[in-house]
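Reviewing the structure listed below.
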Amino acid sequence: MKAAEGEYNVAKKKLEAEMAVDDREIEAKISERGAIAGACEKEMIRVYERVLSAKDDGVALAAVSKYETIEDEGKVVYWQCEACGVGLNMQDVNLLMMGRELQFCRNCSRVMYLRAEPAAPPAPKPQ
Ligand SMILES: [Zn+2]
């Protein structure tokens, strides 16, 4: 009985020590992640402010919207920067969807983001 108790206590102490190490590792990882996220955010803010300072209208972001029209050859999908109206190619759209890094409009240089909701088709221009 005493031996079993002793074994149990040794095992318990060992487990507690291992758990303490895990906690320290987890805490280290959390602070590491915080530092990386902080650096990324700072870099994004820096880029954002650079674009902003170059724009007279004070708008550094541009929504990208998807439009669908029915044309002679069937349904046509196209993507457009709402700030300047330039069309995006599929490579631009794919990069934007991946969301790994900031994407800039090739025409107006604003930071693009995908509009969450499908936009209404652009109003017909008055003739
Ligand atoms: Zn644009």
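Rule-based calculations on the coordinates, nothing more; no lab input. All values reported here derive from a predicted model rather than from experimental measurement. All Cβ positions, even for glycine, are placed from backbone atoms using ideal geometry, and neighbour counts span all protein chains on display.
Worth pointing out:
- Zone residues, region 34-53, relative to Cys84, backbone N less than 17 Å from point 7 Å out along Cα-to-Cβ: 48-53
- Mean projected area (nm²) of the alpha-carbon convex hull when the chain is viewed from all directions: 14.9 nm²
- The longest stretch of the chain left intact once loop-based trypsin sites (Lys or Arg not before Pro) with at most 16 other Cβ atoms within 10 Å are removed from consideration, loops following DSSP, is 1-54.
- Counting only GluC sites (Glu not before Pro) that DSSP places in a loop and that have at most 14 other Cβ atoms within 10 Å, the longest clean stretch of the chain runs over 1-72.
- Taking only the C-alpha atoms of region 61-114, Rg followed by Dmax gives 11.5, 37 Å.
- Extension gain for Glu43-Tyr67 works out to 5.5 nm (0.36 nm per residue, less the C-alpha to C-alpha distance).
- Amide H contacts of Gln103: Met112, each under 5 Å away and 5 or more positions distant or on a separate chain (H built 1.01 Å from N in the peptide plane; Pro and chain starts excluded).
- Within the chain: Cβ-based charge dipole about Cα centre, in debye rounded to nearest 20 (Lys, Arg +1; Asp, Glu -1): 220 debye
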